[in-house]
1. Give 33/427; 341/499; 68/321; 341/389; 279/341; 68/329 a once-over and call out the pairs whose C-alpha atoms are over 32 Å from each other.
2. Just in the stretch 291-393: which trypsin sites (Lys or Arg not before Pro) are loop by DSSP and have at most 15 other Cβ atoms within 10 Å?
3. Per-residue accessible area for residue 90 at 1.4 Å probe radius, Å² rounded to 10?
4. So how far apart, in nm, are the two label points at residue 386 and residue 446 if each is 7 Å from Cα heading toward Cβ?
5. Roughly how many Å² of residue 290 are accessible to a 1.4 Å probe, to the nearest 10?
6. Ignoring everything but the protein chains, give the 1.4 Å probe accessible area of residue 439 in square angstrom, nearest 10.
7. Which number do you get for Rg(Cα) / (2.2 N^0.38 Å) in the chain?
8. On average, how much accessible surface per residue is there in the chain, in Å², for a 1.4 Å probe, leaving out ligands, DNA and RNA?
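The values are calculated or read from the model by the stated rules, or taken from the named source; none is laboratory data. All values reported here derive from a predicted model rather than from experimental measurement. Methodologically, a virtual Cβ is constructed for each residue, glycine included, from the backbone with ideal geometry; neighbour enumeration extends over all protein chains shown. Ligands, DNA and RNA are stripped out before the accessible areas are found, and what is left, the full protein with its side chains, is counted by its heavy atoms. Shrake-Rupley method; radii C 1.70, N 1.55, O 1.52, S 1.80 Å.
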Amino acid sequence: MADRRAEENVVSGQPTQKTIADFDPALKPKRNKYAFACAMLASMTSILLGYDIGVMSGAVIFIKDDLKISDTQVEVLVGILNLYSLIGSTAAGRTSDWIGRRYTIVLAGAIFFAGALLMGFATNYAFLMFGRLVAGIGVGYGLMIAPVYTAEVSPASSRGFLTSFAEVFINVGILFGYISNWAFSKLALNLGWRFMLGVGIVPSIFLTLGVLAMPESPRWLVMQGRLGEAKRVLDRTSDSLEESKLRLADIKEAAGIPEHCNDDVVEVPKHSHNKGVWKELLLHPTPAVRHILIAALGIHFFQQASGIDAVVLYSPRIFKKAGITKKNKLLLATIAVGSVKTSFILVGTFFLDRVGRRPLLLSSMAGMVASLGCLGFGLTIVDHHSDEKIMWAITLSIAMVLFFVAFFSIGMGPVTCVYSSEIIPLKLRAQGYSLGVAVNRIMSGVISMTFISLYKSITIGGAFFLFAGVAAVGWVFFYTMLPETQGRTLEDMEVLFGKFHKWKKANALLNNKHVDPNNNGNNTTNGQVQLGTKGQD
C-alpha cells in the first residue's frame, strides 16, 4: 500500500515523505514458476531437431556402409531435412493463427513421430528420404512455434531467459542423438542405424502429452476475442497483477479491440486477422519494420553461415581428419562435443537477462572467429603431414572444435531465437519469425549439403578459414546494425529500429527518457511514473 500511495503522489505531483524503507534496494521479483513450466514444455519441440542433427551425424556412417551410398548422397541425406523443414515453418505461421499455438505444437510432435517411424523402418535410400521429408515438416513446425509461444506467454522480467529454452533443448537433443549413436553402434549394421533414427519417436510422444497441460497463448486468445481466458492466463504468467493488466491492454490495442471492452468474449475487428501482414512486412514496410526484418534475417543467416552445422553434423569426419580413426572413439568424441555444447548453452541462457543481448552476441562471435581460424590452421597442418602424427596440431584441432561450440552456445545459439522473436511487432510476429526460421533452415541446408564437396575442393582447413571469414563479417553486422533490446518495450523498439547504423543516438535518447537523475533512479516519462515493466512485448 505504501508503494502504491507513493506512485499516486508522484503522478499527481504532490511531494512524498520518505522513510527508511524508501532507500532499500528494490526486490527482484521471484521467477514465475507457471510461465517457466509453460516455456519448458513448449521448448521441448526443439529436442526433435536437436536429436535428428545429433543422431544423423553418427548414423550416416553406418547408413553409408549398409545402403552403399556415395558422399553426395550422404550430403543430401544429412542436409535435406533443413530444406524440408521450410514447408513446416512456412505453414506454421498461418496454422498457429488458425488452430492456436498449443495445438500447432501438438501437430509438430505428431508429424515428427510419423517421420521417425518411417526412417526407422526404411528399407532403402528412397524410403529413408521420404521419412526425412515427413520428419522435416514436423521439425519446421516446432522450430517456428516454440519461441513465438514462449515469447507471448513469458513475463517481461524473464522473457530472454525463457525464450532461450528452445536453443537449450536443441542442444539437449543433439547430446541425446550422440549418445544414441554410441549406444546402438554395437548392434548389427542393418539394425543399429535404424534403432538410432527410430528412437526419435520417444521425445515426440512425451512432447504431445505434455503440451496438453499447457494454456493457450494469451495473445492468440485475445486475437480470437476470448478476453476472459486471456486474462486468466496473463494473471498466472505475469510477475504481478499490474503487469498482467498492462500486457492485456497492449495486446488489445494491437488487436484493435477498444480499451473499454472487458467482456469475456468480444468481437474482434476483421482487419486484425492477418490482413495486409505480408504487405506491411515485405512490400511497404516502415523504416522501423525494414530494420527489424534485416536484423532478424541477418542474425539467422550468420548463425548458420558461420558453420555450426558443419561442425555438429560432420564432427566424426572432422575428428577423423584430425587423427581419430576408430568408430567407437569417434562417437565418444562427438559425445564430448554435445556435452560441451549443452553445458555452455546453459551459461548463455542464465546471462541473457543479466548481461544483455549485444555483449553475449559480440563476445560469442569474436570467440567463434578465433576458434575457427585456429581450427583451420590445425587441420591444415595435420592434412599437410598426413604421413606422420603432429600431436600438437591434432590436439589443437580437437580443442578448437570444443572451443567453437562453447563460444557458439554462450551467445550466438541462445540470442538468435530470443532477439528475432522479441523485436518483431505482435501483428507481424508469427509471419516475421517464420521468415527468420526459413533463412536459418536454408543456410543450414546449404552448409550441410555442401560441406563434404567444399572441403574436398579447398581442403578441410580452407573450409574453416572460409567460415571464420563469414563469422568476422557477421561480427561487423551485429556491431553496427543490432541495438540492445534488453528491457525495452514495444514503443522503444519503434524508436531504436529504423535508424539502422545510427541507432546509438536513439538509444541514448531513450536512456535519458527513462532515467531521471533527479528522481533517485525512478523510471519516469515527463514526470509521470512508468508502472509497466520494460521489455513487455
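1. Working: 33/427 28 Å; 341/499 35 Å; 68/321 22 Å; 341/389 28 Å; 279/341 39 Å; 68/329 23 Å.
Where the Cα-Cα span goes over 32 Å, the pairs concerned are 341/499; 279/341.
2. Values: sites: 317, 320, 321, 326, 327, 329, 341, 354, 357, 389; in loops: 326, 389.
When the trypsin sites (Lys or Arg not before Pro) of the stretch 291-393 are filtered for loop state and at most 15 Cβ neighbours within 10 Å, 326, 389 remain.
3. Surface open to solvent at residue 90 totals about 90 Å².
4. With each label point 7 Å from Cα toward Cβ, the separation is 2.9 nm.
5. Solvent-accessible area, nearest 10 Å²: 100 Å².
6. 40
7. Details: Rg = 24.5 Å, N = 537, 2.2 N^0.38 = 24.0 Å.
Against the compact-globule rule of thumb, the ratio is 1.02.
8. On the way: 22680 Å² over 537 residues.
Per residue, the chain has 42 Å² of solvent-accessible surface.
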